[in-house]
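A.B. asks: Questions regarding the structure given below will be posed in turn.
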Amino acid sequence: MEYQSATASTSTPALPAATNAEGQTTPQTAPTDKGITFALLLSALRCTVQYVVLPFILPWLGLAATIPPWITLALSLVALASLVRNLRYLWRIKHARRWSYLGLAVVIGLGLLVFIGVDLRAMLSQG
């Protein structure tokens, strides 16, 4: 039976390991965490603006009757670009959780492509 000190249970858990270009396992770096956090915050901000502020809050305040499709198209394109950028970054550093993120990114990316198609169709039918 292995003895565990009282201080060992209160220490911060280690971050998942990543594999560098030489095949050596290294601890996950802070920039990786910042990149993923930034992507999640950007996605949360985009969703809040696109699905709460634009369709509900602004019309409720009388500031906007309809949302121009170019605004939601721009938001979707920024989100898609951020998604691709983060996927490339995770693959470049060989992050340990890159496959999990890929699955989520594919689902989100497909949804974004649908929204982009809807916005483009709305823009083409207007003019």
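The values are calculated or read from the model by the stated rules, or taken from the named source; none is laboratory data. Everything numeric here is computed off the predicted structure, so don't read it as measured data. Glycine also receives a Cβ, built like all others from the backbone with ideal geometry; neighbour counts cover every protein chain displayed. All accessible areas refer to the heavy atoms of the entire protein, side chains included, with ligands and DNA or RNA removed. Shrake-Rupley method; radii C 1.70, N 1.55, O 1.52, S 1.80 Å.
A.B. asks: What number goes with the only condition from (1) over 18 Å from the mean Cα position of the chain (by Cα); (2) at pLDDT 85 or above; (3) aliphatic (A, V, I, L, M); (4) open to solvent by less than 70 Å² (accessible area, probe 1.4 Å) that residue 54 does not pass?
C.D. replies: It fails just one condition, (2).
A.B. asks: Any idea which residue in segment 108-119 is nearest to residue 37 (Cα to Cα), counting only those that are open to solvent by 80 Å² or more (accessible area, probe 1.4 Å) and of a type in the set (Val, Ile, Thr)?
C.D. replies: 114
A.B. asks: Of the residues 105, 122, 96, 81, which is surrounded by fewer than 16 Cβ atoms within 10 Å (Cβ to Cβ) and either among the β-branched types (Val, Ile, Thr) or within 19 Å of the chain's Cα centre (by Cα) (or both)?
C.D. replies: Details: 105 fails: surrounded by fewer than 16 Cβ atoms within 10 Å (Cβ to Cβ); 122 fails: either among the β-branched types (Val, Ile, Thr) or within 19 Å of the chain's Cα centre (by Cα) (or both); 96 fails: surrounded by fewer than 16 Cβ atoms within 10 Å (Cβ to Cβ).
Testing whether each residue is surrounded by fewer than 16 Cβ atoms within 10 Å (Cβ to Cβ) and either among the β-branched types (Val, Ile, Thr) or within 19 Å of the chain's Cα centre (by Cα) (or both) leaves just 81.
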